[in-house]
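Input: a single structure, listed below in structure tokens.
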Amino acid sequence: MDPKDEQKLAGQKVVVDQSKCIGCGLCASTCSDVFELDESGKSKVKDDADCEKAGCCQEAVDNCPAKAISWSKQD
Ligand code: SF4
């Protein structure tokens, strides 16, 4: 991974805006360590999600057809 990307990932996590999510499942299939569909059929970020380790979060952000996934500063 590009060092700049690693810097970007450090201290950040992804969030899903469920009001935008259309439940297509793309994020859960491209990045199954981080995303899963919940009981309402919308994507959610797993509690133990680790984007630095998974390395697929940016791809999920870029490919979401509803632009429902974004980066957020970690608390
Ligand atoms: S890729 Fe986007 S629209 Fe599709 S399930 Fe994931 S968050 Fe929802």
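A short reminder: the numbers here are calculations on the coordinates, not readings from a lab. Keep in mind it's a predicted model, so treat the numbers as computed, not measured. Positions of Cβ are generated from backbone atoms using ideal geometry, with glycine treated the same way; all protein chains shown enter the neighbour counts.
Let me have the relative contact order for region 3-70, percent, based on Cα pairs under 8 Å that are six or more residues apart. Contact order relative to length: 38 percent.
Local charge for A49 was computed over the other residues whose Cβ lies under 12 Å away, with Lys and Arg +1 and Asp and Glu -1, and equals -2. Couplings for region 63-72, taken from phi via the Karplus curve 6.51 cos²θ - 1.76 cosθ + 1.60 with θ = phi - 60°, read 9, 4, x, 9, 6, 8, 10, 9, 7, 9 Hz in order; Gly and Pro are left as x. Here the gap between S40 and K20, fully extended at 0.36 nm per residue and compared with their Cα-Cα distance, gives a gain of 5.9 nm. Scoring 38-48, 57-67 by mean Cβ neighbours within 10 Å over their residues and listing the highest first yields 57-67, 38-48. Amide H to amide H distances under 5 Å link Q12 with Q74, where only residues 5 or more positions off or on other chains count and H is placed in the peptide plane.
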